[in-house]
Amino acid sequence: EIEGLVEVSAEHGKMEESQAEFIHNLFRLGELEVSDVMVHRTNMHAVNLAEPTDKIVEDILASPYTRVPLWEDEPENIVGVVHTKDLVRALKAAGDDAGRIDIRAIAKKPWFVPDTTDVTDQLNAFLKRKSHFALVVDEYGEVQGLVTLEDIIEEIVGEISDEHDIVVQGVRPQPDGSVNVDGAVPIRDLNRAMG
């Protein structure tokens, strides 16, 4: 009923279209699971702990993300998450000598959440834990991807862009107005990219 009232208000100009969309998105949030909004593991930026420390530091600092998972032995075996602020502090304490940094010591323990978690529950968990980043696992404990507080907020307010965001790869507008899209592009990302 409330959604109907919002729709009528938007149609008759009593409410802006963006406000109506915001309210509709809030209602739809409860229908989504974490697997619907996560970044799939094939698109995750993660760092191999077997690399030399200076290479790891360079890779994390070059990343557009503030939190970077660390893996060991195989990419699905996430053993920690490094926040770039912690890395910069450690680098400063080491006199800018990346080789003297103990990456494991500054990494935080990964937080794993089931892929079937309701998005509203995950939002509340992020707020309660004061954390913005979780790794998503399936029923067998296999890493499927990651979810951030920003991913969930974007489901409500729409795309949040900043100077470090990466444009959706695999979406290519054509001169005739059509669009070529790689089959691996998630439908939700395509919908966002196309408005």
Exercise. After finding the eigenvalues of the alpha carbon gyration tensor for the stretch 60-195, what semi-axes result from the square roots of 5 times each, listed largest first in whole Å?
Worked result: 30, 21, 16
Problem set entry | Label-zone membership for the stretch 106-145, site Val79, 7 angstrom Cα→C-beta point, backbone N under 16 Å | 106-111
Problem set entry | Set of the stretch 124-155 residues, backbone N closer than 18 Å to the point 7 Å along the Cα-Cβ line of Asp118 | 124-129, 152-153, 155
Seminar exercise, completed: Taking 0.36 nm per residue of separation between Glu72 and Glu31 and subtracting their Cα-Cα distance, the length gained on full extension comes to 11.3 nm
Seminar exercise, completed: Cα-based Rg/(2.2 N^0.38 Å) for the stretch 25-83, rounded to two decimals, is 1.42
Seminar exercise, completed: Once Asp96 and Val171 are pulled to full extension, the length gained, defined as 0.36 nm per residue separation minus their Cα-Cα distance, is 23.0 nm
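Every number here is computed from the coordinates shown, using simple stated rules; none is lab data. Remember, predicted model here, so these are calculated numbers, not experimental data. Every residue, glycine among them, receives a Cβ derived from its backbone with ideal geometry; neighbour counts consider all protein chains shown.
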